[in-house]
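Input: a single structure, listed below in structure tokens.
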Amino acid sequence: MTCFRVARLAFVFTALSLYFGCGGGSSSTPNRPYKGACLVTLSGAATGTMPCTVAAGYDSTKNQSGLGLVVTPQSVTAQFGIQVQGMLRSGSYSLASVNGGATVTSGTMTWAFSSNPAMGSLSMTVSDVSNELSANGQTLYKVHGSADAQLTAIPPTGATGTVTMHVKF
């Protein structure tokens, strides 16, 4: 994976976070979409446990759903974002069934999983999806589940080994 692709992944994660994660609250505050609490645990070449915020939604004009998370800034940062065709549903997802990926950064070192090009691995289970707010062909979801990902080192960054990311949302 080139540095350009890592930068592009970071942009996708940031865009998902901004699109799905603006504001806070619930359907009782219509202009402030639901954001749920989550927890990221890292092991391997980078370690740590950090709180995060997860947001998910569906765009009917593109027939795509997205799920992204933002980690509370710490010395090790993590980003995670995926897209699926159609509405997000309860069930299992793998790297082959999503577009997107994740990055973990510690200093200048970066580890990643990606659907294109395929690198690392992902096993995600969405246990519950409910509509929180819908307007103009957009639906924000309240989601629960977990994800386990194996992230590989991006050599030009000085990273070595692998990082296992476990997310509970």
Check each of the trypsin sites (Lys or Arg not before Pro) in the stretch 48-148 and keep only those in coil by DSSP with at most 15 other C-beta atoms within 10 angstrom; list them in order. K62, R89
For the M87, T108 Cβ pair and Förster radius 35 Å, calculated FRET efficiency rounded to 0.05 is 0.35
Going 7 Å from the Cα of T41 in the Cα-to-Cβ direction, what parts of the stretch 94-126 have a backbone nitrogen less than 17 Å from that spot? 123-125
For a test of the definition: using alpha carbon positions, the gyration tensor, and the 1.5 limit on a/c, classify the stretch 125-169 as rounded, prolate or oblate. oblate
Shape of the stretch 53-126, Cα gyration tensor, a/c cut at 1.5: prolate
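No value in this document is a laboratory result; all are computed from the given coordinates. This one's a predicted model, so the numbers in the text were calculated from it and none came from an experiment. Heads up, the Cβs are rebuilt from the backbone with ideal geometry, glycines too, and the neighbour counts pull from every protein chain shown.
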